[in-house]
Amino acid sequence: MEEQGVKIGVATVTLAVMVSMLCTCGASNSGNLHPLILIPGNGGNQLEAKLSRQYNPSSFICDSWYPFNKKKKGWFRLWFDSSVLLAPFTQCFAERMTLHYHPQLDDYFNTPGVHTRVPHFGSTYSLLYLNPRLKHITGYMAPLVDSLEQLGYADGETLFGAPYDFRYGLAAEGHPSQVGSKFLKDLKNLIEEASTSNGGKPVILLSHSLGGLFVLQLLNRNPPSWRKKFVKHFIALSAPWGGAIDEMFTFASGNTLGVPLVDPLIVRAEQRSSESNLWLLPNPQVFGPQKPIVITPNRTYSAHDMVDFLKDIGFPQGVYPYETRILPLIGNIHLQAPLVPITCIMGTGVRTLETLFYRNGDFDERPQISYGDGDGTVNMVSLLALQSLWNEEKNQSLNVIKIGGVSHTSILKEEVALNEILDEVSKINSRAELGLRYG
């Protein structure tokens, strides 16, 4: 049982049978469940906006026609709105999603006149579908939530959601990050409230993708006594612990993220402005100095050449925040073991971007791509970063579960992945009932 991060003084056949029985049926009783909080990934929850007089639209269309259902001076859906697929409105969407770094204030802000909010914090509602009117094409955590509810979890009682403005990230110590820091505070409060309302039981944190980086930061920014009292277990799905090469593609050439009909060059500037995207660039500590990632006739860039890369793609304004806010954040402190039991569940064997070749050195052109192993979005070396970096951490319980052929997002939907997730949640609840302790 050591592999699972469980330490048992005396193991008997009877105890093993009890564990097996509880893993399959004990968790179905909602009264025995530890509260569970879902933390989505980048773009994994709804986002709303409202425009004020300070908003200066780039065109008449953006001022008068987009979105079609906008109430005067009212809130409207910003993410995800299907009108972004229409070329005249893509630019309107991009300018409203764009963030701006203020050097004097050392922080990121919305476009002037654009106010945003995250609906339904505390509930799973905004995580189910990015647009409830387009359930078939914007489904996100709906299958996972449905599966958890079959275990006995109930929204607002034992099951909670922590949506956030995913454009914003976090910064290293000594640098303000108002939006991201507020999310950590709100998440901490939600954890404490969920625990209190469930008889003081510590919570299970279940994240997807970028959400895992926020959770790791939350754990490491709070004292061990708090973690021990309020956090039972951390399950991270598809977490890009060391960033992703796919982000260099996004910064260089723009990324449609699989959305059809969208011109990637129209959304490129908006994607470059995202604080969280800067956070997700390949971590030099994880990818190393020797691996070529972007190759042009004049230069080869590794994760250690990010400053030159940002300059050469025409985004020099990203250099200062990257050097001062991001690099210190993604160092050892970011990947510090929190001594909370962690299970990493990831897909493998899916063709994942590994190297970009720009034959003419023109980043406006689509590059030739070579592929390697990963989950289709995050490279294997990043998915396994905690395992390699914490191999000498004797007090950190870390369990890694690999699922062949499951992609970065299908891990939330495919039956084989859902079964692994539910099995892990059931085991955590069952072990808790038996009084067994992780780590």
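The values are calculated or read from the model by the stated rules, or taken from the named source; none is laboratory data. Quick caveat: nothing in here was measured; it's all calculated off a predicted structure. In this analysis, Cβ positions are derived from the backbone assuming ideal geometry, glycine residues included, and neighbour counts consider all displayed protein chains. SASA here: full protein model, heavy atoms, side chains in, ligands and nucleic acids out. Shrake-Rupley method; radii C 1.70, N 1.55, O 1.52, S 1.80 Å.
Numerical summary
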{"read-out": "The listed residue being over 24 Å from D423 (Cα atoms), hydrophobic (A, V, I, L, M, F, W, C) and either in contact with a strand residue (DSSP E or B) (Cβ under 6 Å, 6 or more places away or on another chain) or surrounded by 17 or more Cβ atoms within 10 Å (Cβ to Cβ) (or both), out of L398, L386, L335", "value": "L335"}
{"read-out": "The range 172-193: number of residues that are more than 21 Å from the chain's Cα centre (by Cα) and within 19 Å of P338 (Cβ to Cβ)", "value": "1"}
{"read-out": "Residue that is open to solvent by 70 Å² or more (accessible area, probe 1.4 Å) and more than 23 Å from the chain's Cα centre (by Cα), where the choices are D364, D308", "value": "D364"}
{"read-out": "Residue list for the range 307-320, restricted to those being without any contact (Cβ under 8 Å) to a residue 40 or more places away in the chain and out of contact with any Lys or Arg (no Cβ under 8 Å at 6 or more places or on another chain)", "value": "V307, K311, P316"}
{"read-out": "The range 94-116, residues that are touching a residue at least 60 places away in the same chain (Cβ under 8 Å) and open to solvent by less than 40 Å² (accessible area, probe 1.4 Å)", "value": "A94, E95, M97, T98, L99, D106, D107, Y108, G113, V114, T116"}
{"read-out": "Checking H175 against (1) open to solvent by less than 20 Å² (accessible area, probe 1.4 Å); (2) closer than 22 Å to L327 by Cβ, the condition it does not meet", "value": "(1)"}
{"read-out": "Where a residue in the range 41-64 is at positive phi and its partner, wherever it lies, is open to solvent by 30 Å² or more (accessible area, probe 1.4 Å), with Cβ under 9 Å and at least six apart", "value": "G43/W79; G43/L257"}
{"read-out": "Residues (within 23 Å of P321 (Cβ to Cβ), outside any helix (DSSP H, G or I) and charged (D, E, K, R)) located in the range 82-133", "value": "D106, D107"}
{"read-out": "Answer residue from the range 140-151, given it is open to solvent by 20 Å² or more (accessible area, probe 1.4 Å) and not in a helix (DSSP H, G or I) and is farthest from E414 (Cα to Cα) among those", "value": "L151"}
{"read-out": "Looking only at the range 117-128, and only at residues there that are surrounded by 20 or more Cβ atoms within 10 Å (Cβ to Cβ) and touching a residue at least 40 places away in the same chain (Cβ under 8 Å), the one that is nearest to I37 (Cα to Cα)", "value": "T124"}
{"read-out": "Subset of the range 191-216 (residues that are over 16 Å from G43 (Cα atoms) and open to solvent by less than 10 Å² (accessible area, probe 1.4 Å))", "value": "I191, A194, S195, V203, I204, L205, L206, V215, L216"}
{"read-out": "Test: residue in the range 32-43 that is more than 29 Å from P264 (Cα to Cα), modelled with pLDDT of 80 or more, open to solvent by less than 30 Å² (accessible area, probe 1.4 Å) and out of contact with any strand residue (DSSP E or B) (no Cβ under 8 Å at 6 or more places or on another chain)", "value": "yes"}
{"read-out": "Failed condition for I421, given (1) at pLDDT 95 or above; (2) open to solvent by 60 Å² or more (accessible area, probe 1.4 Å); (3) more than 25 Å from P282 (Cβ to Cβ)", "value": "(2)"}
{"read-out": "Sole exception among (1) part of a helix (DSSP H, G or I); (2) free of Cβ contacts under 8 Å to residues at least 40 places away in the same chain; (3) not small (G, A, S) for E270, by number", "value": "(2)"}
{"read-out": "Search result, residues across the range 226-265 that are free of Cβ contacts under 8 Å to residues at least 60 places away in the same chain and open to solvent by less than 10 Å² (accessible area, probe 1.4 Å)", "value": "T250, G254"}
{"read-out": "Options D155, D186; residue that is in contact with a Ser or Thr (Cβ under 6 Å, 6 or more places away or on another chain), in contact (Cβ under 8 Å) with a residue 12 or more places away in the chain and open to solvent by 30 Å² or more (accessible area, probe 1.4 Å)", "value": "D155"}
{"read-out": "All strands (runs of 3 or more DSSP E) inside the range 321-439 with 3 or more residues being in contact (Cβ under 8 Å) with a residue 12 or more places away in the chain and under 15 Å from F234 (Cβ atoms)", "value": "342-348, 398-404"}
{"read-out": "Top-ranked residue in the range 201-232 [being touching a Phe, Trp or Tyr at 6+ places or on another chain (Cβ under 7 Å) and assigned to a strand (DSSP E or B); ranked as nearest to Y164 (Cα to Cα)]", "value": "L205"}
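Residue-wise test of (1) within 26 Å of L99 (Cα to Cα); (2) out of contact with any helix residue (DSSP H, G or I) (no Cβ under 6 Å at 6 or more places or on another chain).
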residue	(1), (2)
P297	no, yes
K311	yes, yes
Q317	yes, yes
I330	yes, yes
P338	no, no
E354	no, yes
D373	no, no
L386	no, yes
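Residues checked against (1) of a type in the set (G, A, S); (2) at pLDDT below 95:
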position	(1), (2)
S276	yes, no
L281	no, no
H304	no, no
T324	no, no
N332	no, yes
C344	no, no
L353	no, no
F357	no, no
